[in-house]
Amino acid sequence: MNTFVDYLNSTNNMGGDSTGSLAEKQVTSEYFDQVKVDRTLGNYITESVMNGDYKAFVLTGHAGDGKTSILVQILKALNLLSTGEGLKIWNSYDHFYYVKDLSEIAEDEQAEVLSKALTMPKCGRTSLLITNTGPLLKTFHAIATARRAEANREFSDTERMTLQNLLLTQLDENKADMITIEGYSFYLINIARLDNVSFAKKILKKILNPVLWHECENCSAKDECPIHFNRENLSNQFERVSDFVENLYRYLYENDKRMTIRQMVGHISYGITGNLNCQIIKNTMLKKPKFNYNFANLFFGYIGITANQDSEQIEGIQHLRRLKLDSISLTDDYKLFVNQDYTMFNPAIEELLQDLNKTYRMHYQVINESNAIMHNKNSSLLEMRRAVRRYYLLYSNLENNALLYNQLFGEFFSDYTRLITKRMSKFQIRNMERVVFDAIYVKNTGMMPEGDHPLPLTLRREDGAFQNVMLILGEISRTSLTLKQVLIDNAFEDVSDKYRVVLECKNKLFDLSLPMINYFSDLINGAIVSNNNPALTHGIAKLDAMLLDVLDAPKADNREECEFKVLVNTVKGQKIETFGFANEHTLYVN
C-alpha cells in the first residue's frame, strides 16, 4: 500500500478527506518536504535573518496561495521547525518572530500584535505577519485612531482615505519596496499578485519523484493499476504534459482566473489518482481502468467518456468545462477521425485509442457537433471524439506545440507568452506591433489601413455597427505607436524573467493583456466581438482615453478654427474630407 496516494487524494476537496489541502496539516505530513516548492520570497526573508539585515514583512493573499507554506519554508531553512512539528499562532525566536494568521488573534489584541511585529527590526529580529486584507485595513485604522486619540484629535475622513489608499495601492501594485505608514517601515506583499504559473511544472515534477512511488514497483496489482499507468506515462512524457498544463494555467491567469497553488496541487493530484486508492484498485474490478481513469480524462473531469459531475468541485475542472477545449476542431482532426491515425502517440496510448476506436467503430460521417448535441444525436460518438482530443492535447508528439496552443487559446497566444517570458528580437516585436496598430485602425475606422496612413481617432458608435461617415477627432502617426517589453523588477517574483508588454505613445504606457491581444485578433479577422468581459471593456476604455490624450489634433488658426475632418468609407476605400465655415453662413470643402 502506497500511503502517498492517500496524501494526494487528500489535497483536493472532492473526497471526504481534504485535510492535505490545509497548510497546517501539510506541515505535519511526512510528504510535505518532498512535494513543497520553495518560494523566492521565502528565500529573501531567510537571507535577511541570516545576514542580520532585520526587516518587517506583512504577507497577504488568497486562501491556498501558499502564505503558510512560505512561513514553514523559512522556519525549516533556519532550523526552527522539526519534521512533524506544527505551527503556533505566533512564536518568537532569537532573530525571528512570526504571526501565523492575524485573524486567529483576538480582535482587541490585533493592533498590539501588528505593532509588535512591525517594531521587531528595532529589537534585532526579522518579523513575518500573515493576514487577510480586511483585518489588515481594520487594524491599521485602529492604530491610527488610537494614536490621534492620545494626541486629543480625531482621525479625519481625509486621513482615513489616505491610509486606505496607501495600503490598497501597495497591495495592487505589489512593489518590492519598503513602505512607511504610521511611523512603521515594512514590506507589504500581496502574494496573489505574484505570477505562480511556473509552479505547475515544478509541482508535477515533485509529485512524480520516483522515491515517492517505489512501493508501487513491487505491487501485485501494478499491471492493471491506472495510477501506476498514469505516473509512468506522465514521467515518460513529462515535458509534453507539463507544457500543456502550464499553458492552460497561463491562459487562466491572463484572463483573471488565476489558480492558487493549492488548487493546482488538487487538480493535478486528482488527474493522477481519480481519488482511487490502493485498496479500491486491489479489491474492485474496474472497467477499462487504464482508459477510463487515465490522466487525460481525469484532468478534464471525465471517467472514460462520461463527465463526472462531482469533479466540478475542483477549480481547474470547472474552468476546463467552461472552456470546452476538447470540443474545439483542430487541424489534426482529419488524421484522428477520418484516417484514424494515432501514430503521433506513444505505443501505450496508441493501443488505448485503437481499442476505443474498435468499441465505437462505424463508417465515417461528417458530424456537426453543436447540432448533434442540440438534437441528442450520435452522443456516444461525439464523446468518443472528445476523449481522443483530450489524449491529443496532453500526449500527442507534435513538432510545434505552439500551433496547438494558438488553436486553443487564441491566434497570438504563443507570441504573447514568449513576449512576457523572454527578451524577443525587434522583428518579433514589430510583428505584434503591426497587429496592434491594424486592430486599433479597424476599431476606429471599420477598415484595414492602407500604406503608412496615420491612425485616425474617430467619434463612432460603440455597438460594432459599421459606419460610412465618422468625425475625426485627431490623428496619430504609425511611428508614434511602439510595442515594448518592460522587465518587471520585483525581487519577490518566482520567475527570473517576467516582462510587461506595453504600447507606448509619446511617453505614455498602456499594458496589453492576452484578452486584449485576442480581441485585436478577432477585429482583424472580421469576427463579431462582444465586449462582455468587464476587464476587457475597462482595458479598451483606458486605451481609448490614452490615445485621445496624445492625439495630434489640428492646430487652430483664423481660418481653420471652424474646420473639421470626416472619414468617409466608400466602395473604393477610405477618404478624408475637410469641412469648414469661411464665415457664419458659408460651408466649404477641401
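The values are calculated or read from the model by the stated rules, or taken from the named source; none is laboratory data. Predicted, not measured: the structure shown is a model, and the values here were computed from it. Ideal geometry is used to build each Cβ from the backbone, glycine not excepted, and the neighbour counts take in all protein chains shown. Ligands, DNA and RNA are stripped out before the accessible areas are found, and what is left, the full protein with its side chains, is counted by its heavy atoms. Shrake-Rupley method; radii C 1.70, N 1.55, O 1.52, S 1.80 Å.
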Looking at the range 501-539, which of its residues are open to solvent by 80 Å² or more (accessible area, probe 1.4 Å) and in a helix (DSSP H, G or I)?
P534, H538
Only one of T60, T68 is within 16 Å of G84 (Cα to Cα), modelled with pLDDT of 90 or more, open to solvent by less than 40 Å² (accessible area, probe 1.4 Å) and polar (S, T, N, Q). Can you tell me which?
T68
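Name the residues in the range 49-75 that are more than 21 Å from I181 (Cα to Cα), of a type outside the set (A, V, I, L, M, F, W, C) and over 29 Å from the mean Cα position of the chain (by Cα), would you?
Matches in the range 49-75: N51, G52.
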It is to be established whether one or more residues within the range 384-394 are modelled with pLDDT of 95 or more, within 17 Å of S242 (Cα to Cα), out of contact with any Ser or Thr (no Cβ under 6 Å at 6 or more places or on another chain) and in a loop (DSSP other than H, G, I, E, B).
no
Of the candidates L87, L136, the one satisfying the condition of being of a type in the set (A, V, I, L, M) and either touching a His at 6+ places or on another chain (Cβ under 6 Å) or in a loop (DSSP other than H, G, I, E, B) (or both) is L87
Would you confirm whether any residue within the range 77-93 is open to solvent by 40 Å² or more (accessible area, probe 1.4 Å), of a type in the set (D, E, K, R) and at pLDDT below 95?
yes
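In the list S185, S235, which residue meets the criterion of being surrounded by fewer than 19 Cβ atoms within 10 Å (Cβ to Cβ), at pLDDT 95 or above and within 24 Å of I303 (Cβ to Cβ)?
Numbers: S185 fails: within 24 Å of I303 (Cβ to Cβ).
Every option except S235 fails the conditions.
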Among the numbered criteria (1) out of contact with any helix residue (DSSP H, G or I) (no Cβ under 7 Å at 6 or more places or on another chain); (2) buried (at least 18 other Cβ atoms within 10 Å of the Cβ), which single criterion is violated by M50?
(2)
Complete set of residues in the range 386-413 that are among the small types (G, A, S) and either under 15 Å from F345 (Cβ atoms) or open to solvent by less than 10 Å² (accessible area, probe 1.4 Å) (or both):
A387, S396
Checking V197 against (1) open to solvent by less than 20 Å² (accessible area, probe 1.4 Å); (2) farther than 30 Å from M1 by Cα; (3) assigned to a helix (DSSP H, G or I), only one condition comes out false. Which one?
(3)
Report yes if some residue within the range 465-481 is over 17 Å from N569 (Cβ atoms) and acidic (D, E); otherwise report no.
no
Only residues that are of a type in the set (A, V, I, L, M) and surrounded by fewer than 18 Cβ atoms within 10 Å (Cβ to Cβ): list them for the range 267-312, please.
I280, M285, L286, A307
Restricting to the range 548-569, name every residue that is within 43 Å of the chain's Cα centre (by Cα) and modelled with pLDDT under 80.
L551, D552, A553, P554
Exactly one of these conditions fails for D489: (1) at pLDDT 85 or above; (2) closer than 28 Å to R193 by Cβ. Give me its number.
(1)
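Tell me, yes or no, whether the range 493-500 has at least one residue that is more than 32 Å from the chain's Cα centre (by Cα) and without any contact (Cβ under 8 Å) to a residue 24 or more places away in the chain.
Scanning the range 493-500, I find no residue that is more than 32 Å from the chain's Cα centre (by Cα) and without any contact (Cβ under 8 Å) to a residue 24 or more places away in the chain, so the answer is no.
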Please find, within the range 244-266, the residue that is modelled with the lowest pLDDT out of those that are among the charged types (D, E, K, R) and open to solvent by less than 40 Å² (accessible area, probe 1.4 Å).
E254
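Of all residues in the range 5-26, which are at pLDDT 75 or above and of a type outside the set (D, E)? Walk me through how you get there before you give the answer.
Initial filter on the range 5-26 (at pLDDT 75 or above): 5-14.
Those that are at pLDDT 75 or above and of a type outside the set (D, E): V5, Y7, L8, N9, S10, T11, N12, N13, M14.
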